[in-house]
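Presented below is the structure to which this report refers.
The values are calculated or read from the model by the stated rules, or taken from the named source; none is laboratory data. These numbers were taken from a predicted model, which means no experiment stands behind them. So basically every Cβ, Gly included, is an ideal-geometry build from the backbone, and we count neighbours across all protein chains shown.
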Amino acid sequence: MGIKNFRAPFKRKSRSAGSATLVSDYMTKKLITFKPDQSVLEVMNILIKYRISGGPVVNDKGELVGIISEGDCIKQLSESRYFNMPLTETKVETYMVENVETIEANMNIFDAANKFLNSKRRRFPIIKDGKLIGQISQHDILKAALNQKGNTWK
């Protein structure tokens with residue numbers, strides 16, 4: 001009995017032989033995003049429901065303003081217990097990471113892999129003209145590498 005995947009099949013753009021595989025070929029475009037004024041409790045419920053480890057935080061203009069992760073939520077849990085504060089009162093903007101590294105959509109997928117190794121991050125948002133357009137994860141890099149099997153590493 002195999003594992004079932006409920007995501008639509010990934011259709012890779014055809015590329016000419018010898019052209020580089022880009023981040024834009026493998027990035028996720030349909031993202032679960034969060035707002036700075038959302039409660040951390042709501043974020044925790046969404047992370048669990050969709051089995052994700054974090055996500056980008058965007059303002060009303062679609063601009064990236066931070067990242068919130070499971071670790072950020074755990075920090076909030078710890079502090080709420082220590083200070084005996086209810087979870088529902090704490091907002092994402094209090095616990096999100098604001099200084100967010102991004103990756104360019106036109107970056108070579110293997111250069112992106114190297115950036116993952118050097119940064120120890122699990123995901124990088126992709127910005128175009130100031131707006132969040134996607135995200136690349138370590139999982140996406142692995143898919144790209146497997147699709148290169150038998151091809152040259154470009």
Inset, instruction - Could you please give the count of residues in region 9-24 that are surrounded by 11 or more Cβ atoms within 10 Å (Cβ to Cβ) and either of a type in the set (A, V, I, L, M) or at pLDDT 95 or above (or both)? - result: 3
Inset, instruction - Output the residue which, of all residues in region 47-63 that are of a type in the set (A, V, I, L, M, F, W, C) and in contact with a Lys or Arg (Cβ under 8 Å, 6 or more places away or on another chain), is nearest to HIS139 (Cα to Cα). - result: VAL57
Legend entry - Subset of region 80-93 [assigned to a helix (DSSP H, G or I) and modelled with pLDDT of 90 or more]: VAL92, GLU93
Inset, instruction - Take the residues in region 94-114 that are within 17 Å of the chain's Cα centre (by Cα) and hydroxyl-bearing (Ser, Thr, Tyr), then tell me which one is modelled with the highest pLDDT. - result: THR102
Inset, instruction - Report whether or not LEU117 is exposed (fewer than 12 other Cβ atoms within 10 Å of the Cβ), modelled with pLDDT of 90 or more and outside any strand (DSSP E or B). - result: yes
Inset, instruction - Kindly indicate the residue of region 95-114 that is in contact with a Phe, Trp or Tyr (Cβ under 7 Å, 6 or more places away or on another chain) and of a type outside the set (A, V, I, L, M) and also nearest to THR21 (Cα to Cα) among those meeting that condition. - result: PHE110
Inset, instruction - Determine whether LEU64 is surrounded by fewer than 18 Cβ atoms within 10 Å (Cβ to Cβ) and either modelled with pLDDT of 95 or more or not polar (S, T, N, Q) (or both). - result: no
Inset, instruction - Just give me the residues in region 33-51 being surrounded by 14 or more Cβ atoms within 10 Å (Cβ to Cβ) and out of contact with any helix residue (DSSP H, G or I) (no Cβ under 8 Å at 6 or more places or on another chain), in sequence order. - result: THR33, GLU42, ILE46
